[in-house]
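Starting off with a structure, shown below.
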């Protein structure tokens, strides 16, 4: 019988491999056989951890989300006290990642949303939930900035947070079509400039 540590290690290996393959090829194109071959896990072993490929997809999405949360938590902007400057730091951190050639310019949540929304409603719901959590994260910074600075125009911070998600996800798609990651950086810059117009320089 495998120990708890060995079981956890095998499951994480399956999740990591599946995540990498699905980021590169999509959910549908990746087979259970391919994942088993790359990890050295038998098909019976695979189904010990996951009841179905859909079950795997949900687990991979959660695994990916946790990795992204950790990535955001490690970004340096959190130490900035001024919320507007912290927002700029948030955007700059994402722009820096767009410039880093070692980082994959893809989002599993966005990819799954496009590929699986009409065929796997459970996965679509999970994608929506993760986007909502990300919007909450950004909304908190925007709320603090709105409290400290008098906005030049009335705006909904939740809507603005979702606007960034739409811009970022669209930029990822466009960068793939153009094979140019500068598209991501440019769109983040445009969003930052737009946000600047919403706030006055002086505090309330």
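The values are calculated or read from the model by the stated rules, or taken from the named source; none is laboratory data. Computed from a prediction, not measured in an experiment: that's the story for all the values here. Using ideal geometry, Cβ is built from the backbone for each residue, glycine included, and neighbour counts are taken over all protein chains shown.
All but one of (1) surrounded by fewer than 16 Cβ atoms within 10 Å (Cβ to Cβ); (2) part of a helix (DSSP H, G or I); (3) modelled with pLDDT of 95 or more hold for residue 119; state the number of the condition that does not hold.
Result: residue 119 passes all but (2).
Would you check if residue 54 is over 18 Å from the mean Cα position of the chain (by Cα), in a helix (DSSP H, G or I) and either free of Cβ contacts under 8 Å to residues at least 24 places away in the same chain or more than 27 Å from residue 180 (Cβ to Cβ) (or both)?
yes
While we're looking at this one, here's another question. Are any residues in region 13-33 more than 15 Å from residue 112 (Cβ to Cβ) and free of Cβ contacts under 8 Å to residues at least 24 places away in the same chain, and if so, which ones?
Listed by number, the residues that qualify are 17, 31, 33.
Related question: Can you find even one residue in region 167-174 that is over 30 Å from residue 28 (Cβ atoms) and either surrounded by 17 or more Cβ atoms within 10 Å (Cβ to Cβ) or in contact with a helix residue (DSSP H, G or I) (Cβ under 8 Å, 6 or more places away or on another chain) (or both)?
Let us first name the residues in region 167-174 that are over 30 Å from residue 28 (Cβ atoms), namely none.
Checked against the condition, which is being over 30 Å from residue 28 (Cβ atoms) and either surrounded by 17 or more Cβ atoms within 10 Å (Cβ to Cβ) or in contact with a helix residue (DSSP H, G or I) (Cβ under 8 Å, 6 or more places away or on another chain) (or both), region 167-174 yields no hits at all.
Next question, about the same structure. Please verify whether region 138-155 includes one or more residues that are in contact with a helix residue (DSSP H, G or I) (Cβ under 8 Å, 6 or more places away or on another chain), under 21 Å from residue 62 (Cβ atoms) and not assigned by TED's automatic domain parsing to the domain that holds residue 23.
yes
Testing residue 73 on (1) over 25 Å from residue 186 (Cβ atoms); (2) surrounded by 13 or more Cβ atoms within 10 Å (Cβ to Cβ), one condition comes back false. Which one is that?
With (1) over 25 Å from residue 186 (Cβ atoms); (2) surrounded by 13 or more Cβ atoms within 10 Å (Cβ to Cβ) applied to residue 73, the lone miss is (2).
Name the one entry in 91, 84 that is at negative phi, more than 15 Å from the chain's Cα centre (by Cα) and either assigned by TED's automatic domain parsing to the domain that holds residue 111 or surrounded by fewer than 15 Cβ atoms within 10 Å (Cβ to Cβ) (or both).
Exactly one residue qualifies, and that residue is 84.
Continuing with this model, one more query. Can you confirm whether region 34-47 contains a residue that is touching a residue at least 40 places away in the same chain (Cβ under 8 Å) and part of a helix (DSSP H, G or I)? Explain how you work it out, then say what you get.
To start, the set of residues in region 34-47 that are touching a residue at least 40 places away in the same chain (Cβ under 8 Å) comprises none.
No; the residues of region 34-47 include none that is touching a residue at least 40 places away in the same chain (Cβ under 8 Å) and part of a helix (DSSP H, G or I).
For region 175-184, name all the residues that are surrounded by fewer than 18 Cβ atoms within 10 Å (Cβ to Cβ) and either assigned to a helix (DSSP H, G or I) or touching a helix residue (DSSP H, G or I) at 6+ places or on another chain (Cβ under 9 Å) (or both).
Passing the criteria: 176, 177, 178, 180, 182.
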